[in-house]
Amino acid sequence: MFKRKQTISNSTRNFRIILASFAIIVLVGAFLLMLPISSQDRTFTSFGDALFTAVSATCVTGLVVKDTATYWSVFGKVVIITLIQIGGMGVITIGLAVITISGKRIGLSQRSAMQESISAPQIGGIIKLTSFIIKASAIIEVTGAILLMPVFCKDLGPVKGVLYSFFHSISAFCNAGFDMMGFVEKFSSLTSYSDNVYFNIVIMVLIIVGGIGFLVWHDVVTYKFNFRKYSLQSKVALATSGLLIILPAIFMFFFEYSDLPLKNRIVDSMFQSVTTRTAGFNTTDLAQMRESGTLLMILLMLVGGSPGSTAGGMKTTTVAVIFLAAITVFGRKKDVECFKRRIPEDAVRNAGAILFMYMFLFITGGIFISIYEHLPLLTCLFETGSAVGTVGLTLGITSTLSLPSKIVLMLLMYFGRVGGLTMIYAAVPSNESQTSRMPLEKITIG
C-alpha cells in the first residue's frame, strides 16, 4: 500500500514562521534581560523571571514578576520597550519593513507571511499596506508622547518626563500595559493619575486606536466618514468595539464606582472598560471590585481587540460572528448576515473553534493554578483570562506564583498573542486536497 505524501502548504509554512519568529524574539529578549546590565543592582536575573518578562513584553500582555520601574535598569527598560514595539507591530511587519528599507527584493513567500501576520484579506498591495502601518504607528506614538509630556514633564522634569512619555505612549498604543510608575508604589500601575482627566483620555485614545486594527485605520484614512464604503470587517470591528466600551462603562458607573464623585465615576468607568480589553493599565484597586465586576472584566479580557491590531484576545469579530450565528438560529434563518452582507460558513466555524479553544485554555489554566497555589478560583481565572487575552491586569498574585503556574501563564500569553488558529494551523497540515467525504447522518442539537 502506498501512503499519500502530505505536503506542507504555504499557509501552514507561514503560520510556522510566525510562531518561530515570536519564539526567537522572546528567547533573545530573555537572554538580554538576564544580563547584569539589565537590572539596577547589576546582578544576574534568573532565567525564569527574565523569560516571563520577555514573554509578557513580546506578547504585549503586561503581567510582571519584577516591578518595571524599580528593578530594571535603563538598558533593561530599553529591551522591554523594544520587545513591546516588536510584539505590538508583529515580528513579520517589522522584519519586512527592515527588508524594504535595505532595498532587498521581497518575494511572494514573505508577502504571504505578512498577509497572515496582519490578517489582511488579500496579498495584493501588502507592501504598501505595511508601509502605511509603520508610518501611521510612528505618527500615533510620537503624537501620544507629545500629548503626555505636559503631565510627565511637570511631575518628573524635562528629561525624565520625555522618556516616560514615549515609554507609556508606546506601551498604551501597543496595548501592553507596562508602566514605570513603581517609584510611587511598586506594581501601582497608573493609580496615581486616576484624578487626571486629561491623562486618562490620552491613554484611552492610544489604547483604542492600537486595538481597533490596522485594516480599520486604512478604511478610515481612505474613506473618511463614509461608513458605507468600509469593509465588513471594519464595520463589525468598529460597531462591536463601541458596544464593548459603552455597555461595560455603564455597568461600572452604576454598580462599581457609585460611591465616587461624578467626575471620577465617569473617568474610572470609561478607563476600566477600555483598558480591560487587552491594554492592562489600571487606575483603581481591582481587588476591591465586586465579584460581578470581576467576572465582567474577565469576559472583556477574553474578547480582546480587533484582528490585525496590537491587541490580543479572541477578537471582536469572533464574538460578533458567534452572536450573529446565535441570532440566525433564534430567527430560524438560513444565512448569518450583517450590514446587508452574508458571512461565510467557514468564518462561523472558525469563530466557534476559537471560542472553544480560548475558553478551554482559560478555564483549565485557572483550575490548575487554583489547585496548585491554593488560591480562590475566581482570582486565578482572572489571572489566566488576563494572560490568554494578553491584557496584563492582575489581582496581585502574579509575583507570588511558583514556577509551574508562571509557565502556565507564559504559555497562555504566547498562545493569546500568536492566535488560536495560528497554533492549530501551524501544527496540523492542510487537507485541502482531500476530496472524499463521509456519509451524512443527522444528530439532535439542544
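One table, with the values for the structure above:
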| read-out | value |
| --- | --- |
| Filtered residue count, region 365-398, keeping only those that are under 21 Å from the mean Cα position of the chain (by Cα), more than 23 Å from Gly211 (Cα to Cα) and of a type in the set (S, T, N, Q) | 2 |
| One residue from Lys315, Lys333 being surrounded by fewer than 18 Cβ atoms within 10 Å (Cβ to Cβ) and either at pLDDT below 90 or on the phi > 0 side of the Ramachandran plot (or both) | Lys333 |
| Every residue from region 336-349 that is open to solvent by 50 Å² or more (accessible area, probe 1.4 Å) and either closer than 17 Å to Tyr230 by Cα or in contact with a Pro (Cβ under 9 Å, 6 or more places away or on another chain) (or both) | Glu337, Phe339, Lys340, Arg341, Arg342 |
| Per-region count, region 177-192, residues among the aromatic types (Phe, Trp, Tyr) and open to solvent by less than 20 Å² (accessible area, probe 1.4 Å) | 1 |
| Set Lys263, Lys229, Lys224: member being at positive phi and surrounded by fewer than 22 Cβ atoms within 10 Å (Cβ to Cβ) | Lys224 |
| Checklist (1) under 27 Å from Asp285 (Cβ atoms); (2) open to solvent by 80 Å² or more (accessible area, probe 1.4 Å); (3) at pLDDT below 95 applied to Gly389, failing item | (2) |
| Within region 218-263, tally of residues that are outside any helix (DSSP H, G or I) and free of Cβ contacts under 8 Å to residues at least 24 places away in the same chain | 8 |
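The values are calculated or read from the model by the stated rules, or taken from the named source; none is laboratory data. Here the structure is a predicted model, which is why all the values come from computation and not from measurement. Glycine also receives a Cβ, built like all others from the backbone with ideal geometry; neighbour counts cover every protein chain displayed. Note: accessible area is taken over every heavy atom of the protein model, side chains too, but ligands, DNA and RNA are not part of it. Shrake-Rupley method; radii C 1.70, N 1.55, O 1.52, S 1.80 Å.
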